[in-house]
Amino acid sequence: MKPNQLVPGIHRVYARIGSRDLFEGIWPIEHGVLLNSYVVQGSQKTAFIDLVKDWEGAVDEVEGQLASLGLSFSSIDYLVLNHMEPDHTGSLGELCRKNPSMKILCTKKAVPLVKAFYGITEQVQAVTSGDSIDLGGKTLVFEETPNIHWPETMMTFVPEDGVLFSCDAFGSFGQYDHCFDDELTKEEWDLLIPETERYYANIVSSFSQFVLRGIQKLANLEVKMVAPSHGIVWRKDPNRIIQHYKRLAEYMNGPAEPEIAFVWSSMYGNTAALIPTIKQAIEEEGMIVHMHEVPAEHASYVLASAWRSSGLVIGMPTYEYRMFPPMYHILDVLERSHVNNRKVMRFGSFGWSGGAQKQFDPVVNTLKWDCLGTVEYQGAPSDADKAQAREIAKLLVKSVKEVCTGY
Ligand code: FEO
């Protein structure tokens with residue numbers, strides 16, 4: 001692969017990671033993911049922005065691309081670590097051995113992490129918001145953006161070119177043959193948007209309040225290009241991804257989209273027996289409903305769907321006096337990401353006794369969900385259960401439409 005020139009003196013050097021592993025050890029990447037690093041060459045000094053984890057030959061790939069620019073790791077004067085997560089720092093130890101004289105620039109909060117992860121204390125210089133480094137005709141200006149994604153995270157801006165190196169922020173899952181937004185094919189766009197939303201829900205959603213604060217800070221910068229560490233570079237319309245992220249962050253406290261995520265589990269078909277009734281009642285009102293069977297479908301996709309939906313249907317049987325374990329896991333994932341203020345209904349079967357609802361109620365309270373009704377029944381659902389489920393589903397749609405008015 002070849003490096004991509006953003007502007008003269010600034011290049012992306014990057015690696016493609018396939019679908020073999022889980023991202024963060026949790027999230028499937030069926031379309032892979034890109035690890036982007038950037039080289040900024042001034043007339044006096046050269047800086048490298050973020051590293052790649054040594055994953056599927058990524059370091060060799062980046063080193064080869066540097067060589068095609070007439071550079072090597074030993075040419076680097078400054079290494080900027082916007083974020084310490086190992087997908088961006090995993091090769092730090094190796095790089096420091098190759099280049100013991102380069103200066104590592106990171107936030108004060110990142111300094112102990114550099115030591116904890118890699119045992120490195122020399123070469124490290126803390127920077128804070130507003131600090132700058134002159135490379136000769138190109139300046140690196142640092143802006144702390146805590147919790148996008150870890151507390152130590154910052155972004156780096158080159159004012160002469162308006163290029164923002166945003167690390168995890170404005171990133172996406174997926175591999176793309178083209179580097180820039182104005183080069184993407186329709187097929188690439190069709191992948192990019194859902195993979196941006198799934199990346200956001202899986203990786204960033206929990207920190208949405210910080211995303212909104214970070215975006216406010218960017219208003220002071222004349223951003224002409226957004227260069228994240230995952231996904232594509234936004235050069236034609238950088239505001240598109242910034243506004244998309246703003247909207248995704250706003251989903252946290254709702255309202256999100258006027259859609260319903262229908263998440264269900266069933267042991268012997270008695271909980272599943274109510275699905276057609278509820279699904280039909282929702283679709284009769286013209287509302288989009290996304291179906292997710294748990295545990296058949298990975299939590300990654302369920303979370304992404306719940307994140308964008310203003311309404312949730314949770315179908316789950318009782319299992320040993322408590323919630324069905326795979327759904328317990330899903331609800332824990334939703335709770336960690338703060339999928340707040342949703343309109344909700346629940347249904348489910350039990351055998352000899354109930355119990356799932358008792359454990360479900362605290363989740364409803366924690367996430368400030370408005371639960372419009374529950375249909376629980378012993379064994380198979382009766383006609384009365386079906387009629388009640390239909391009534392609650394209609395109420396759910398009405399509530400979602402009301403809360404989404406204006407969106
Ligand atoms: Fe791509 Fe939070 O690391």
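Key figures
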read-out: The chain: DSSP helices with Cα axial extent of at least 18 Å and average Kyte-Doolittle hydropathy no lower than -0.5; value: 383-403
read-out: Overall Cα dimensions of the chain, principal axis frame, Å, largest first; value: 78, 41, 35
read-out: Gained length - GLU297 relative to GLU187, 0.36 nm times residue gap less alpha-carbon distance; value: 37.2 nm
read-out: 32 Å Cα-Cα threshold exceeded, pairs from LYS53/LYS368; LYS2/LYS108; LYS138/LYS236; LYS186/LYS368; LYS103/LYS246; LYS236/LYS343; value: LYS53/LYS368; LYS2/LYS108; LYS186/LYS368; LYS103/LYS246; LYS236/LYS343
read-out: Solvent-accessible area per residue for region 59-166 (1.4 angstrom probe, square angstrom); value: 38 Å²
read-out: Burial ranking of peptide ranges 393-403, 212-222 (average Cβ count within 10 Å, highest at the top); value: 393-403, 212-222
read-out: DSSP-defined antiparallel bridges as percent of all bridges, the chain, nearest 5; value: 45 percent
read-out: Average Cα contact separation per residue, the chain, under 8 Å, 6 or more apart, as relative contact order %; value: 11 percent
read-out: Contour minus Cα-Cα distance for GLU335 and GLN5 (0.36 nm per residue); value: 114.7 nm
read-out: Simple label model, 7 Å out from Cα along Cβ direction - THR139 to TYR321, nm; value: 6.7 nm
read-out: Restricting region 282-332 to GluC sites (Glu not before Pro) in coil, as DSSP defines it, with at most 16 other Cβ within 10 Å; value: GLU284, GLU285, GLU297, GLU320
read-out: Protection-proxy order for peptides 110-116, 19-25, 200-206, 271-277, each taking the mean of Cβ atoms within 10 Å per residue, highest first; value: 200-206, 271-277, 110-116, 19-25
read-out: Carbon plus sulfur fraction of accessible area for the chain, probe 1.4 Å, in percent; value: 50 percent
read-out: Probe 1.4 Å, accessible area per residue of region 215-306, Å²; value: 41 Å²
read-out: Theoretical gain in end-to-end length, SER74 to GLN359 [0.36 nm per residue, Cα-Cα removed]; value: 96.9 nm
read-out: Spacing of the two label points (7 Å from each Cα toward its C-beta) at GLN378 and LYS246, in nm; value: 5.6 nm
read-out: Antiparallel DSSP beta bridges within region 49-195, as percent of all bridges there, nearest 5; value: 55 percent
read-out: Dipole-positive endmost among CYS371, TYR321, TRP352 within region 304-397 (Cβ charges, Cα centre); value: CYS371
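The values are calculated or read from the model by the stated rules, or taken from the named source; none is laboratory data. Values in this document were obtained by computation on a predicted structure and should not be read as measured data. No Cβ is skipped: glycine too gets one built from the backbone with ideal geometry, and neighbour counts run over all protein chains shown. For accessibility, only protein heavy atoms count, side chains too; no ligands or nucleic acids. Shrake-Rupley method; radii C 1.70, N 1.55, O 1.52, S 1.80 Å.
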